[in-house]
Amino acid sequence: MAEQNNHPLQGLMYSSMQSIKEMIDVNTIVGDAVETNDGTIIIPISKVGVGFAVGGTDYKPFRATKSEHGGDDKSNFGGGTGAGVSINPVAFMVVGNGQIRLIPVSPEANTYDKLLDFIPEAIDRVTASVKKLRNKGDDETSPKESADIF
């Protein structure tokens, strides 16, 4: 805790920062994992924003008063603090079937991310189609089968 001979503003800052520290930890950003019946693990990921403000002033009252200690109390302190926390879900990390996928919450997900997610699947489809064509031979391949690559 703050020492007694520190300025009152330091005490306000200290107590506010301790409260924020207690509210936010790593589990706020990367949430607790949830396991589904088929063994897939889903981990929520969030974006956390914190705003913090503190202010105060020493002022002299209109007339000096006697303090509890017998001396003149020639100044007073007035101050306050405020903080705000914003937590927004960003994505879910899905781990299962030997794959790790990041599924964004926003429908405006980056096109490149979607493309990167599609590439392994497209390669698997092309590879399977090529193997299928090799096994059947070029003579037996019908136009419909070669059109079913995608």
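Tabulated data
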{"read-out": "Separation of the Leu102 and Ile29 label points, Cα + 7 Å toward Cβ, nm", "value": "1.3 nm"}
{"read-out": "Exposure rank, largest accessible area first [Glu22, Glu35; 1.4 Å]", "value": "Glu22, Glu35"}
{"read-out": "Derived scalar couplings ³J(HN,Hα) [the stretch 123-130; Karplus, 6.51 cos²θ - 1.76 cosθ + 1.60; whole Hz; x for Gly, Pro]", "value": "4, 4, 5, 5, 4, 5, 5, 5"}
{"read-out": "Under 5 Å, built H, 5+ apart or other chain: amide partners of Thr40", "value": "none"}
{"read-out": "Sequence of Ile41, Ile20, Ile100 from largest to smallest accessible area, 1.4 Å probe", "value": "Ile100, Ile41, Ile20"}
{"read-out": "Accessible-area value, Tyr59, 1.4 Å probe, nucleic acids and ligands omitted, Å²", "value": "110 Å²"}
{"read-out": "Backbone HN-Hα couplings from phi across the stretch 90-99 [Karplus 6.51/-1.76/1.60, Hz, Gly and Pro as x]", "value": "10, 7, 10, 8, 10, 10, x, 6, x, 10"}
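The values are calculated or read from the model by the stated rules, or taken from the named source; none is laboratory data. From a predicted model like this one, the values you see are computed outputs, not experimental measurements. Cβ sites come from the backbone with ideal geometry, for glycine too, and all protein chains shown count toward neighbours. Each accessible area value is taken on the protein alone, full model and side chains, heavy atoms only, with ligands, DNA and RNA left out. Shrake-Rupley method; radii C 1.70, N 1.55, O 1.52, S 1.80 Å.
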